Amino acid sequence: MSEPQVLPELFWHPPLALPPGVHLCQTLRGGDGWGFNLATHVGAPADAVARNRARLQSAQSGIQQIQWLAQVHGTQVVKAPASARVEADALWTTHDGVACAVMTADCLPVLFWSDDGTVVAAVHAGWRGLVAGVLEATVSQLPLPPQRLSAWLGPRIGPSAFEVGPEVRAAFVAADAGAAAAFKPSWRAGHHLADLAELARQRLTGLGIPHICDSGACTVNDASRWFSFRREGRCGRMASLIWRTAVP
């Protein structure tokens, strides 16, 4: 008798203290090759991506629509629901059933929710968007003060793997001298190991956000769970989603 097939895990719901009606999901790699890839721009078969996106939506409670973005490593923020294809790196909503989604494979996904669950947001924060102010741009558009927000830092390239050139450190330190604490000298002269999550945490703290939760997950160091562009080059993308549903 053959061994039963073990299906790959596809979804992770971190154990967070979310307000009633707020839901959060992080997708996983989902197997070898393209696995559970959700991106249409990486060269994966279009029909497979469509199936994966449909499976993601049907497997989560209360999602009527997933708002996807054409991410460009910038600071553009949109309110969802929006057009089917919009170039931006952050989105937020107050609508029930509309999931805010960002895709990553080393960049940092940041998900926000308000203390009363009326507002949720998702941000794609690569180093370029982070230093340009994508977190600040997002928080400035939300209809609540930062003191009423919480943030979750999702899977990203960790500080042991994120080697950057001198221009990256210089850009962050020029904006805030305290950012130097997030960089350590690398084995190559003039290069540094950067802590992307710490850089985000510094900015979120500076905005006055009181509750910051961290997944602690490094995409490079766990090939069984995460896609990683730094590790693989051509690869799929995970999705980080947050949405709200009506509370009886």
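Here is how the numbers come out for the structure above:
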quantity	calculated
Enumeration of residues in region 68-81 that are closer than 21 Å to Phe227 by Cβ, among the aliphatic types (A, V, I, L, M) and surrounded by 18 or more Cβ atoms within 10 Å (Cβ to Cβ)	Leu69
Residue within region 28-36 that is surrounded by fewer than 14 Cβ atoms within 10 Å (Cβ to Cβ), out of contact with any His (no Cβ under 7 Å at 6 or more places or on another chain) and either within 30 Å of His211 (Cβ to Cβ) or not β-branched (Val, Ile, Thr) (or both) present	yes
Filter result for Phe227 (of a type in the set (Phe, Trp, Tyr) and in contact (Cβ under 8 Å) with a residue 40 or more places away in the chain)	yes
Residue ID - nearest to Val123 (Cα to Cα), chosen from residues in region 172-202 that are touching a residue at least 40 places away in the same chain (Cβ under 8 Å) and under 22 Å from the mean Cα position of the chain (by Cα)	Ala200
Checking Val247 against (1) assigned to a loop (DSSP other than H, G, I, E, B); (2) touching a Phe, Trp or Tyr at 6+ places or on another chain (Cβ under 6 Å), the condition it does not meet	(2)
Output for region 151-166, where each listed residue is charged (D, E, K, R) and either farther than 13 Å from Trp187 by Cβ or buried (at least 23 other Cβ atoms within 10 Å of the Cβ) (or both)	Arg156
One residue from Ile242, Ile212 being surrounded by 19 or more Cβ atoms within 10 Å (Cβ to Cβ), touching a Phe, Trp or Tyr at 6+ places or on another chain (Cβ under 9 Å) and of a type in the set (A, V, I, L, M)	Ile242
Within region 105-135, considering residues that are out of contact with any strand residue (DSSP E or B) (no Cβ under 9 Å at 6 or more places or on another chain) and surrounded by 17 or more Cβ atoms within 10 Å (Cβ to Cβ), the one nearest to Ala171 (Cα to Cα)	Val131
Tabulated pairs, region 67-96, first free of Cβ contacts under 8 Å to residues at least 40 places away in the same chain and in a loop (DSSP other than H, G, I, E, B), second of a type in the set (S, T, N, Q) and buried (at least 19 other Cβ atoms within 10 Å of the Cβ), C-beta under 7 angstrom, 6+ apart or interchain	Ala80/Gln67; Ala80/Thr93; Pro81/Gln67; Ala82/Gln67
Qualifying residues in region 62-113 (those that are closer than 19 Å to Ala50 by Cα and hydroxyl-bearing (Ser, Thr, Tyr)) - the one modelled with the highest pLDDT	Thr104
Filter result (surrounded by fewer than 17 Cβ atoms within 10 Å (Cβ to Cβ) and not basic (Lys, Arg)) within region 82-93	Ala82, Ser83, Ala84, Val86, Glu87
One residue from Ala194, Ala181 being more than 28 Å from Trp12 (Cα to Cα) and among the small types (Gly, Ala, Ser)	Ala181
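The values are calculated or read from the model by the stated rules, or taken from the named source; none is laboratory data. Source: prediction; values computed, not measured. Cβ coordinates were reconstructed from backbone atoms using ideal geometry, including for glycine residues, and neighbour counts include every protein chain displayed.
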